[in-house]
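Right, one structure below, let's go through it.
Bear in mind these aren't lab numbers, they're just calculated from the coordinates by the rules spelled out. Because the structure is predicted, anything quoted here is derived from the model rather than measured. Heads up, the Cβs are rebuilt from the backbone with ideal geometry, glycines too, and the neighbour counts pull from every protein chain shown.
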Amino acid sequence: MTKMELIDKVAKQFGLTKKEAEAAVNAIFSSISEALDKGDKVELRGFGVFRVRSKRARKGRNPRTGETIDVPAKLVPYFKPSKELKRALNMKHG
C-alpha cells in the first residue's frame with residue numbers, strides 16, 4: 001500500500017476530503033518521526049512499537065574495488081510488530 005492509497009482509504013472510511021485525510025496521515029507520520037528523533041519509542045497497542053536502534057561503527061568493503069572502508073555508527077528506525085498483529089497475519093495466511 002502506498003501513502004496515497006492509505007490517504008484514499010482514510011478519506012473514504014471517515015468521510016473526509018482527500019486534503020483532510022492527507023493532513024491527518026501526514027500529522028501521524030510527522031508525530032512518529034519527531035518522537036523517534038527525540039529518542040522516544042512509539043507504541044501503538046495492537047499494532048507494534050517503533051523505536052530507534054544504534055548500529056556500531058564497523059569495517060566494510062567496497063564491492064567494486066575490494067577496498068576496506070570504515071562504516072560510521074548510525075541510528076536506524078526499527079519496528080517490532082505486536083503479538084496481535086502477528087496472530088492476525090498468521091490466521092489469514094497460516
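Would you tally the residues in the stretch 75-94 being surrounded by 10 or more Cβ atoms within 10 Å (Cβ to Cβ) and small (Gly, Ala, Ser)?
Within the stretch 75-94, residues that are surrounded by 10 or more Cβ atoms within 10 Å (Cβ to Cβ) and small (Gly, Ala, Ser) number 2.
Please return the ranges of strands (runs of 3 or more DSSP E) entirely within the stretch 1-80 where 3 or more residues are basic (Lys, Arg).
48-55, 58-61
Just to be sure I understand, how many residues within the stretch 15-67 are among the β-branched types (Val, Ile, Thr), out of contact with any helix residue (DSSP H, G or I) (no Cβ under 9 Å at 6 or more places or on another chain) and surrounded by fewer than 10 Cβ atoms within 10 Å (Cβ to Cβ)?
Count: 1.
Restrict the check to the stretch 26-42 and report whether at least one residue is touching a Ser or Thr at 6+ places or on another chain (Cβ under 7 Å) and either farther than 25 Å from Leu89 by Cβ or not hydroxyl-bearing (Ser, Thr, Tyr) (or both).
So far as the stretch 26-42 goes, no, none of its residues is touching a Ser or Thr at 6+ places or on another chain (Cβ under 7 Å) and either farther than 25 Å from Leu89 by Cβ or not hydroxyl-bearing (Ser, Thr, Tyr) (or both).
So which residues in the stretch 1-38 are more than 26 Å from Lys74 (Cα to Cα) and of a type in the set (Phe, Trp, Tyr)?
Scanning the stretch 1-38 gives a single hit, Phe14.
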